[in-house]
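The structure appears below as structure tokens.
Values in this text are rule-based calculations from the coordinates and carry no lab data. These figures come from a predicted structure and were not determined experimentally. Cβ coordinates were reconstructed from backbone atoms using ideal geometry, including for glycine residues, and neighbour counts include every protein chain displayed.
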Amino acid sequence: MSAIARRGSGWTPWLYLAPALVVLGGLLVYPVYQLGLISFLEYTQAQVSGGEPTSFKGLGNYTTLFGDPQFWQVLLATVVFAAACVLATLALGCALAVLLTRVRAVPRLALMMAALGAWATPAITGSTVWVFLFDPDFGPVNKVLGLGDHSWTYGRYSAFALVLLEVVWCSFPFVMVTVYAGIRAIPAEVLEAASLDGASQWRIWRSVMAPMLRPILVVVTIQSVIWDFKIFTQIYVMTNGGGIAGQNLVLNVYAYQKAFASSQYSLGSAIGVVMLLILLAVTLVYLRLLRRQGEEL
Amino acid sequence: MKFSARIAAPAAALVLAGLTATACAPQTSDNSAKKDEKSGTLRVWLFQEVGNAPKQKVVDRAVDAFRAQHKDAEVEIEYIPVETRAQKIKAAFNDPESAPDLIEYGNTDTAGYVKDGGLADVTEEFGAWAEAKDTDPAAKQSVSVGGKVYGAPFFVGVRALYYRTDVFEELGLKPPKSQAELVTAAKKIRKAKPELYGLAVGGAYTYGAMPFIWANGGELAEESGGTYTSAIDSPAARKGIKAYTSLFGPDNCPAAKCAEMGGNDTVTAFASGRAGMAIGGDFSHAAVEAGKVKGKYAVVPLPGVKAGEIAPAFAGGNNLGVLKSSSHRTLAVDLMKQLAGKKAQGELFDAMGFLPTYTDVRESAAKKEPFVEPFIETLAAGAKAAPASPGWAQIDSSLVLPTMFQEIVSGRKDVAAASGDAAKKMNDAFGAAG
């Protein structure tokens, strides 16, 4: 009797989890399995449409990928670019969140509306508008700054900088709103005590607010990392698919160019697997950090 | 735009997994024809041109003529957008059940589509077709792979030099007779009128650059025994690359703006009056006529290296082909002959200005419309096709040549290094294609 009850209780959680697991299995595990499988095959348009038989290539796609200097260059560019985006987004988001707590209702409302507007703009619309603003022939920015027909997308760094501005513009509101909510939750007496002790604004942020906001900051940081690492739309639209001679390629756009523009589905899948592993590592770090802070998982 | 923390990780993985969306399982579709029915509905995909109505009329007449001979057959024509044709045609190969029987396709795609197993071999029917004898050799080559014919040429497109008659007159210039004169004229225009590009060139304008390589005796690739090897790094080809890339700079077309430009951008620059010269196709005529420079321009063949020579142009254009998966092969081939026949091509020229692929039809077209003269002259001087290897489609879509030109004009690599790297990438693609 008791054995049956024990066994029953062992199975019950799984029974409740089953619907979610089925959905996850279908929508997540199966595609990832296919992604991995294709990355080990020779699979281009000719194999898809039956012109040639599909053959097993083992690690061939990975050898090709890792042997391609462009891949390493793109990987490096992606990491550096994502890091710059994350830092800039966090810095701006936190600064404006602090500003929000210090201004009156009307400017606060205006700042909130502006931020929410940027947040709500679809990435493709935002990118198109930014490119237009910086257009060498018709863009208002060059007119205002008196730069003549300076092309912002010609130089590698200036093109990356332009994309960075757009990325920061559309992702700082998330950081700002989250951090603002966190600051509001800090008891007023703690801050009051700090200022009574004669702490400067910077000191209050560093020694009081930042430690109390740590869980929130970790969440927004990891999310920004994941999001900025996967950046696609902004680069694709603003640098016309990767820039002059591919100078502005990031991993996601590179995978797209390989998989779809030139129909090398298997090579594109191999890039996808590499990205998956990198992001998985980042996610594991994220989960560990959360666990260490004693948050329920 | 942002997901909550809990779902961010799985969502990230999902997006990656979504990369396989079009090939959601490593499946392979069977494109072999099961039957050859003599009645039923034929489905046809043609390209949707800018201002498609006249083309539609010509096609409808040809279809009526076809139906008069085949009372049991229905024909369903669909005009597909040019920008998404690659995806649509790939999808048709992936799903033979809903694929059309006859398609229009760009002639640089022939070898790739044949390798994909999408196009039917019509060598016999083409050989037995009386009208096909007058097809010009370059056009015939554009439907042939490995000695077999995979369709019928529909029209050819070729590029020549557009120049501003008013600017030339003002500066006392004559239409250039050699490449050296072309470069001099371009720089003179830029110097006298700094708001104009002398000759509008583009780092991504491969078809505008090819004549420079060919005129200097270079080749894109060389064939021996069915396999191709890149020749883009040969001394002759490098000379051509050097000539083309020397046109990027403050004295003609500043690299900061011109490195990014493609063919359409250069034609747009010319049409809107921002360039003294441009390399444009017979198909660009309408766009230029619609621009600011209407009535102030003329066209001559692009000059070769020696005075009086014509630089070999790229023989572009479209073909018609029967899909391998078609269950109405005989009917589809008949319809293809009707649409790509002399009568329909002659009418298509009148309606759209597309150059016929038959030498005799083309000559009579030139008599009717003097505008096409320089283009026909260019074709007669010997236009060249892209390498007929399936690897070419990949070289084209992975932007090997634009990357090379952009690396050179942006000063990142010299001609030798950039062409060497491009040759390596081309050979990889040719090698993978077999």
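Which angle between 0 and 90 degrees, to the nearest 10, do you get for helix B:5-17 versus the longest principal axis of chain B when only C-alpha atoms count?
So the helix axis and the longest Cα principal axis differ by about 80 degrees.
List the residues, sorted by chain then number, that are 5 or more residues from B:V75 or on another chain and whose placed amide H is less than 5 Å from its amide H.
So B:V75 has HN proximity to B:L42.
Counting other beta carbons within 10 Å of each Cβ, put A:T12, A:T78 in order, fewest first.
In increasing order of surrounding Cβ atoms, one gets A:T12, A:T78.
Taking the Cα centre of the range B:329-434 as origin, work out the dipole magnitude from +1 charges on Lys and Arg Cβ and -1 charges on Asp and Glu Cβ, in debye rounded to 20.
With only Lys, Arg, Asp and Glu charged at Cβ, the dipole is about 240 debye.
Just flag the chymotrypsin sites (Phe, Trp or Tyr not before Pro) in the range A:224-297 sitting in loop per DSSP whose Cβ has no more than 16 other Cβ atoms within 10 Å.
A:F232
Using +1 at the Cβ of each Lys and Arg and -1 at the Cβ of each Asp and Glu in the protein assembly as shown, identify which of A:L276, A:G51, A:V168 lies farthest towards the dipole's positive end.
Comparing the listed Cα positions along the dipole, A:V168 ranks first.
Give me the distance between the Cα centres of the range B:154-215 and the range A:56-120, rounded to whole Å.
Cα centroid to Cα centroid, the span is 44 Å.
Return the Rg/Rh value of chain B, two decimal places, where both radii are evaluated on C-alpha atoms and Rh is the Kirkwood radius.
A ratio of 1.00.
Might you report the magnitude of the Cβ-based charge dipole of chain A about its Cα centre, with Lys and Arg at +1 and Asp and Glu at -1, to the nearest 20 debye?
Charge dipole, chain A, about its Cα centre: 820 debye, nearest 20.
If you take each beta carbon of peptide A:144-156 and count the beta carbons of other chains within 10 angstrom, what is the mean?
Across A:144-156, the average partner-chain Cβ count within 10 Å equals 2.
Let me know the mean shielding of B:247-258 by other chains, meaning the per-residue number of their Cβ atoms within 10 Å of its Cβ.
Average neighbour count from other chains, rounded to a whole number: 2.
Give the Rg/Rh ratio for the range B:109-266, taking Rg as the radius of gyration of the Cα atoms and Rh as the Kirkwood radius, to two decimals.
Taking Rh as the inverse mean 1/r over Cα pairs, Rg/Rh reads 1.08.
Straight-line reach from B:K239: which lysines have Cα under 23 Å away, leaving out those fewer than 8 places along the same chain?
Of all the lysines, those that pass the test against B:K239 - Cα under 23 Å, at least 8 places apart if same chain - are B:K177, B:K187, B:K188, B:K306, B:K384, B:K413, B:K424, B:K425.
Just tell me how shielded B:411-421 is by partners: mean number of partner chain Cβ atoms within 10 Å of each residue's Cβ, no decimals.
Counting Cβ atoms of other protein chains within 10 Å of each residue's Cβ and averaging gives 1.
As I understand it, the value is the acute angle between the Cα axis of helix B:235-245 and the longest principal axis of the Cα atoms of chain B; what does it come to in degrees, rounded to 10?
Helix B:235-245 sits at roughly 70 degrees to that axis.
Would you mind checking the tilt of helix B:415-433 against the longest principal axis of the Cα atoms of chain B, expressed as 0 to 90 degrees and rounded to 10?
Once rounded, one gets 10 degrees.
Net charge within 12 Å of A:F134 by Cβ-Cβ distance, Lys/Arg positive one each and Asp/Glu negative one each, not counting A:F134 itself?
-3
List the residues whose amide H sits under 5 Å from the amide H of B:Y197, counting only those 5 or more places along or on another chain, with H placed 1.01 Å from N in the peptide plane.
Here the answer is B:A275, B:G276, since their amide H atoms fall under 5 Å of that of B:Y197.
If you plug each phi of the range A:116-121 into the Karplus form 6.51 cos²θ - 1.76 cosθ + 1.60 with θ = phi - 60°, what whole-Hz ³J(HN,Hα) values come out, in order, with x for Gly and Pro?
5, x, 5, 5, 7, 5
List the chymotrypsin sites (Phe, Trp or Tyr not before Pro) within the range A:1-101 that DSSP assigns to loop and that have no more than 11 neighbouring Cβ atoms inside 10 Å.
none
Return the percentage of antiparallel bridges among DSSP beta bridges fully within the protein assembly as shown, rounded to the nearest 5 %.
That works out to approximately 65 percent antiparallel.
Give the lysines whose C-alpha is closer than 18 Å to that of B:K34, dropping any in the same chain fewer than 8 places away, or say none.
Counting by Cα, and skipping residues close in sequence, B:K34 has these lysines nearby: B:K324.
Quick one: what are the phi-derived ³J(HN,Hα) couplings along the range A:140-153, Karplus 6.51/-1.76/1.60 with θ = phi - 60°, whole Hz, x for glycine and proline?
x, 4, 4, 5, 5, 7, x, 8, x, 10, 4, 9, 6, 9
Based on the Cα gyration tensor of the range A:1-151, what are the three equivalent ellipsoid semi-axes, each the root of five times an eigenvalue, rounded to whole Å and given largest first?
46, 35, 16
Longest span of chain A, sites excluded, free of GluC sites (Glu not before Pro) in DSSP loop with at most 15 other C-beta atoms within 10 Å?
A:1-294
How large is the charge dipole for chain B, taken about the Cα centre, if only the Cβ atoms of Lys, Arg (+1) and Asp, Glu (-1) carry charge, to the nearest 20 debye?
Dipole magnitude for chain B comes out near 1160 debye.
Within 10 Å of each candidate Cβ there may be at most 12 other Cβ atoms; applying that plus a DSSP loop requirement, which trypsin sites (Lys or Arg not before Pro) in the range A:10-107 survive?
A:R104
Quick one: what do you get for the protein assembly as shown if you divide its Cα Rg by 2.2 N^0.38 Å?
1.12
Can you pull the Rg over Rh of the range A:55-292, Cα-only, Kirkwood?
Checking Rg against Rh, the ratio lands at 1.05.
Taking the alpha-carbon centroid of each part, what is the distance from the range B:339-359 to the range B:392-408 in angstrom?
32
Run the helix sum for chain B: -39,500 (n - 2.57) per DSSP H stretch of 4+ residues, divided by residue count, reported at 222 nm to the nearest 500 deg cm²/dmol.
-13000 deg cm²/dmol
Using the alpha-carbon centroid of each, what span in Å lies between the range A:249-268 and the range A:175-205?
Distance between centres, Cα-based: 47 Å.
For a 19 Å ceiling on Cα separation, which of these pairs sit above it: B:K71/B:K337; B:K57/B:K342; B:K294/B:K367?
B:K294/B:K367
Go through the range B:115-131 residue by residue and turn each phi into a ³J(HN,Hα) via Karplus (6.51, -1.76, 1.60, θ = phi - 60°); whole Hz please, and just put x for glycine and proline.
Working through the residues one at a time gives 5, 5, x, x, 9, 7, 6, 10, 3, 4, 4, 5, x, 8, 8, 4, 5 Hz.
Which Cα, out of A:N252, B:F66, B:G431, lies furthest along the positive dipole direction of the protein assembly as shown (beta carbon charges, K/R +1, D/E -1)?
A:N252
Which one, B:F270, A:P187, A:L145, is farthest towards the positive end of the dipole of the protein assembly as shown when Lys and Arg carry +1 and Asp and Glu -1 on their Cβ?
A:P187
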